[in-house]
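**Student:** I'd like to ask you about the structure that follows.
FYI, it's all coordinate maths here, none of it is from the lab. Predicted model, so just to flag it, every value in this text is computed and none were measured. With ideal geometry, Cβ positions are generated from the backbone for all residues, glycine too; neighbour counts draw on all protein chains shown.
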Amino acid sequence: MYFVYLLKSSRTGDLYVGYTYNLRQRLQEHQNGESQWTKTRTPFALIYYEAYQNAQDARKREQQLKRQGKALGQLKRRINGSLGVLAMKGVG
């Protein structure tokens, strides 16, 4: 199983979109500052994730969210009501 996930920095309010095959391990790496983009923005909260059967589909979705503002905007609108915390600056 592969995952596309959305993190929010508690420090800066920035969003980070990524994909991984081991969500728990990857989140720990982000919290420990082991990711280039996120290391100066810790701590993070996992605010959303999607599961995929293969890496190709997960990577495609990750790129869609990173490169197409419309796709990320739709996702933010979909989850905003339940979170009430998505006044974000940017996506990494």
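**Student:** Please get the size of the charge dipole for the chain, origin at its Cα centre, with Cβ charges of +1 on Lys and Arg and -1 on Asp and Glu, quoted in debye to the nearest 20.
**Tutor:** Using only the charged Cβ atoms, the result is roughly 320 debye.
**Student:** Residue 44's amide H: which non-local residues (gap 5+, or another chain) put their own amide H closer than 5 Å, with H modeled 1.01 Å from N in plane and none for Pro or chain starts?
**Tutor:** Result for residue 44 returns 10.
**Student:** OK, next. Among 38, 12, rank each residue by its count of other Cβ atoms within 10 Å, from fewest to most, as a rough exposure measure.
**Tutor:** Arranged by neighbour count, lowest to highest, 38, 12 become 12, 38.
**Student:** Something else: Find me the longest stretch of the chain that has none of the exposed trypsin sites (Lys or Arg not before Pro), where exposed means in a DSSP loop (not H, G, I, E or B) with at most 11 other Cβ atoms within 10 Å.
**Tutor:** Result, exposed sites excluded: 12-88.
**Student:** Additional query: Going by a ≥ b ≥ c, the root eigenvalues of the Cα gyration tensor, does region 2-83 fall in the rounded group (a/c under 1.5), the prolate group (a/b larger than b/c) or the oblate group?
**Tutor:** oblate
**Student:** Under 20 Å from a label point 7 Å along Cα→Cβ of residue 53: give me every residue in region 4-18 with its amide N that close.
**Tutor:** 4-5
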